[in-house]
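Only one structure is covered here, and it is reproduced in the block below.
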Amino acid sequence: MDQETFQQLVDTVERFVRERLRPREDEVAVNDTIPVEIIQEMRELGLFGLAVPEEFGGLGLTLSEEIRVGFKLGGTSPAFRSVIGTNNGIGSQGIIIDGTPEQRAHYLPRMASGELIGSFCLTEPEAGSDAGSLRTSARRDGDHFVLNGTKRFITNAPQAGMFTVFARTDPESRSASGVTAFIVDAKTEGVSLGKKDRKMGQHGAHTCDVIFDAARVPVAAIIGGEANLGKGFATAMKVLDRGRLTIAAVCVGVAERLIADSLAYAMERKQFGQPIVEFQLVQAMFADMRAESFAAQCMVEETARRFDAGKTIATEAACCKMFASEMVGRVADKAVQIHGGAGYVADAGIERFYRDVRLFRIYEGTTQIQQLVIARNMTREARRKTGG
Ligand code: COS
């Protein structure tokens, strides 16, 4: 996409967020539903296919471009971004990265248009951070596999038309090896949904259990075909590397929104005869917020640049996810503090963001998992260099 067209897209998204999404934040949180006309407008803007290659009907953005859109989408309730989040990220990337040409041609155009919602089924009741210990089984039966197991906290599952499901095809293995990624149509017999989870925040974005009870899928449903039997865990990790960066971008966007709202409030709100922004203790909070958000933005931009240059970003994406999600938590906390009582009651929406951003430190890998990934990769790199 040429720079002028891309800038138009960024401006359009910024305007859409300001004029269409922000006015409806409270309504979405109260009703726990994104209005259908908003979803339709997202379709028309091409937002479901930001990361889908152009040949399959998407906008084909580079990661550097996609994160810039993510900064803008972070300017409103994260629930809005969640609607398009899985189709651009964990719901489609398995197919984009490792799918066969037939799988790409079959699924991606409908995902790019928003007609088909994709969802990512990795987490289970007993397997969260230790994703490699998952128990959902896929037993071979002729030219089919039979899936049994339960997946938990699956984002967009209530709306999904297809699932990327990680299941154990090697019953002897207990770890990441022997896990295979399947594409499973939501209408497959034996696939059912649990009731919607009641969550702390991000109302309007939905998660639930997905249950597989002798669900039969053809061998052709393995992502990447039979050659990828037992290689699904690596697909999950590649998808998550990218996903973690896009979440970090949204964290920056939300932080910027909270900084702007807090600044506007602090310039208006008078105490001791002057706007509270004139007080140095309040200024210190603003300086910390600005510096931290700026640092996260720079990290995200640099990591996206490295990805677009063909480099692996597992360590950097984990650094970005860890820093940006923790950063926006601190920013949200300061935003409540600056707003005082107005930050604690629901009217200003600040307490809603405070609850919404809590999820960023948990999903697509907790902060502790990011730390583990970073430290592990550092150790491996050092061993590789020293031959140890
Ligand atoms: N890119 C490509 N391949 C990767 C990879 C990456 N970033 N990270 C790991 N792999 C591959 C490894 O190379 C290894 O393959 P081989 O056995 O062929 O060498 C395989 O995946 C297993 O890797 P590893 O041994 O590191 O797996 P572990 O079971 O020790 O788990 C962690 C690694 C903890 C990092 C992983 O389980 C994880 O990310 N957990 C969090 C899961 C998560 O984010 N859940 C959120 C739910 S999704 S919303």
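The values are calculated or read from the model by the stated rules, or taken from the named source; none is laboratory data. Quick caveat: nothing in here was measured; it's all calculated off a predicted structure. Every residue, glycine among them, receives a Cβ derived from its backbone with ideal geometry; neighbour counts consider all protein chains shown. Protein only, heavy atoms only, side chains kept; ligands, DNA and RNA dropped before computing areas. Shrake-Rupley method; radii C 1.70, N 1.55, O 1.52, S 1.80 Å.
Per DSSP H run of at least 4 residues, take -39500 (n - 2.57); add these up for the chain, divide by its residues and hand me the 222 nm value, nearest 500 deg cm²/dmol.
Values: 13 runs with 194 residues, N = 388.
My calculation for the chain gives -16500 deg cm²/dmol from helical runs alone.
Would you work out which of Ala176, Gly194, Gly149 lies farthest towards the positive end of the dipole of segment 137-214? Charges go on Cβ: Lys and Arg +1, Asp and Glu -1.
In segment 137-214, that residue is Gly194.
Expected output is a single nm value to one decimal: the length gained when fully extending between Val345 and Lys187, i.e. 0.36 nm times separation in residues minus the C-alpha distance. What is it?
That pair, Val345 and Lys187, stretches by 52.6 nm at full extension.
Among the GluC sites (Glu not before Pro) in segment 59-152, which ones are in a DSSP loop with at most 13 other Cβ atoms within 10 Å of the Cβ? Mind listing them? If you can, show how the numbers build up before the last one.
Details: sites: Glu65, Glu66, Glu102, Glu115, Glu126; in loops: Glu115, Glu126.
Loop-located and lightly packed - Glu115, Glu126.
Just to verify a number: what accessible area does Met267 come out at with the full protein assembly present, 1.4 Å probe, Å² rounded to tens?
Accessible surface of Met267 is approximately 110 Å².
How would Phe323, Phe153 rank on accessible area, largest to smallest, probe 1.4 Å?
Ranked from most to least accessible, the order is Phe153, Phe323.
Would you kindly calculate the mean projected area, averaged across all directions, of the convex hull enclosing the Cα atoms of segment 118-230, in square nanometres?
Average of the hull's projected areas for segment 118-230 equals 6.9 nm².
Filter the cross-link list Lys196/Lys334; Lys72/Lys199; Lys195/Lys238 down to pairs whose alpha-carbon distance in this structure exceeds 28 Å.
Pairs exceeding the cut-off: Lys196/Lys334; Lys195/Lys238.
Keeping every protein chain present and rolling a 1.4 Å probe, give me the accessible area per residue for the chain in Å².
On a per-residue basis, the chain sits at 46 Å².
Helix 232-268: angle to the longest alpha-carbon principal axis of the chain, degrees 0 to 90, nearest 10?
Once rounded, one gets 10 degrees.
Would you please give the FRET efficiency between Asn148 and Lys196, computed as 1/(1 + (r/R0)^6) with r the Cβ-Cβ distance and R0 = 22 Å, to the nearest 0.05? Show your work: numbers first, answer last.
Details: r = 23 Å, r/R0 = 1.04.
In this case the efficiency is close to 0.45.
With all protein chains present, how much of the accessible area of segment 72-173 (probe radius 1.4 Å) comes from carbon and sulfur, to the nearest whole percent?
The nonpolar share, carbon plus sulfur, comes to 48 percent.
With all protein chains present, calculate the accessible area of Arg104 using a 1.4 Å probe and round the result to the nearest 10 Å².
Accessible area, nearest 10 Å²: 60 Å².
Can you list which of the trypsin sites (Lys or Arg not before Pro) found in segment 291-388 are DSSP loop residues with at most 12 other C-beta atoms within 10 Å?
Lys311
With everything on Cα atoms, drop me the angle between helix 280-308 and the longest principal axis of the chain, reported from 0 to 90° to the nearest 10.
Long axis of 280-308 versus the principal axis of the chain: about 30 degrees.
Which shape class applies to the chain: rounded if a/c is under 1.5, otherwise prolate when a/b exceeds b/c and oblate if not, where a ≥ b ≥ c are the square roots of the Cα gyration tensor eigenvalues?
Here the chain falls in the prolate category.
Ignoring ligands, DNA and RNA, what percent of the accessible area of segment 175-293 is carbon or sulfur (1.4 Å)?
57
How large is the direction-averaged shadow of the alpha-carbon convex hull of segment 234-386, in nm²?
10.4
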